[in-house]
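These notes are about the structure you will find just below.
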Amino acid sequence: MARTHPPTAPAPPNASAREVSDTGRRGLYTPEERRRRDESPWTLVQGVLAPLQFLVMIVSVVLLVRYLGTGSGAGAAEWSVIVKTGLLYLIMVTGSIWEKEVFGEWLFAEPFFWEDVVSMGVILLHTAYLVGLFAGIGSGVALAWLALVAYAVYTVNAVQFVLKLRAARLQEQEMASAAPLASRAGSPA
């Protein structure tokens, strides 16, 4: 569904990208969006936070599985989920700032719409864990399983982003290799 902006609102910086999209957007970024992505400091922030969050999740999975298997280490497992959830919230806030800078929308910009939808589910599951933990709702075992479900959905979401970014990299390589051919085709022989 295309978004419309009120007539009094200024057009987003990526208005031409939406026009391209309405006629069949090709690729993840328009040239202008690619420029904004490359110039944004939030691109580096995302590039640091994403693998850090993934590493924290791996440690947390080990701690949760240990707790579920042995019954010991509940505190360490709980803290690992709290840290992972904090990183998730941080990457979502900084990611929405990045999305606003690059695409002109805080969330649900067309190129990352489905990734953002799944991210909302990931946030919901992580938040449910925190609510359960701090409100005393559910057993430690139930909360550990909830955290593992949240991590499974997070892993699907991470794969979505990796595949999307890989596709963008391939598109950029394709464009770079086509550029010299286009310039040679336009030059006199």
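The values are calculated or read from the model by the stated rules, or taken from the named source; none is laboratory data. This one's a predicted model, so the numbers in the text were calculated from it and none came from an experiment. Counting neighbours? That spans all protein chains shown, and the Cβs are built from the backbone with ideal geometry, glycine included.
Descriptive notes on the structure:
- In segment 121-162, the residues that are assigned to a helix (DSSP H, G or I) and over 21 Å from Ile58 (Cα atoms): Val131, Gly132, Phe134, Ala135
- Residue identified as of a type outside the set (D, E, K, R), within 21 Å of Pro31 (Cα to Cα) and at pLDDT 95 or above among Ile97, Ile137: Ile97
- Taking the numbered list (1) modelled with pLDDT under 95; (2) closer than 23 Å to Pro51 by Cβ; (3) in a helix (DSSP H, G or I) in turn, Ser177 passes all entries but (2).
- Looking across segment 153-170, the residues that are in contact (Cβ under 8 Å) with a residue 12 or more places away in the chain and over 12 Å from the mean Cα position of the chain (by Cα) come down to Val153, Ala167, Ala168.
- Test: Val81 is surrounded by fewer than 16 Cβ atoms within 10 Å (Cβ to Cβ) and part of a helix (DSSP H, G or I): no
- Qualifying position, being surrounded by fewer than 17 Cβ atoms within 10 Å (Cβ to Cβ) and closer than 21 Å to Leu165 by Cβ, among Val102, Val93: Val93
- Of all residues in segment 116-142, those satisfying the criterion of being touching a residue at least 24 places away in the same chain (Cβ under 8 Å) and either more than 24 Å from Pro51 (Cβ to Cβ) or charged (D, E, K, R) (or both) are Leu133, Gly140, Val141.
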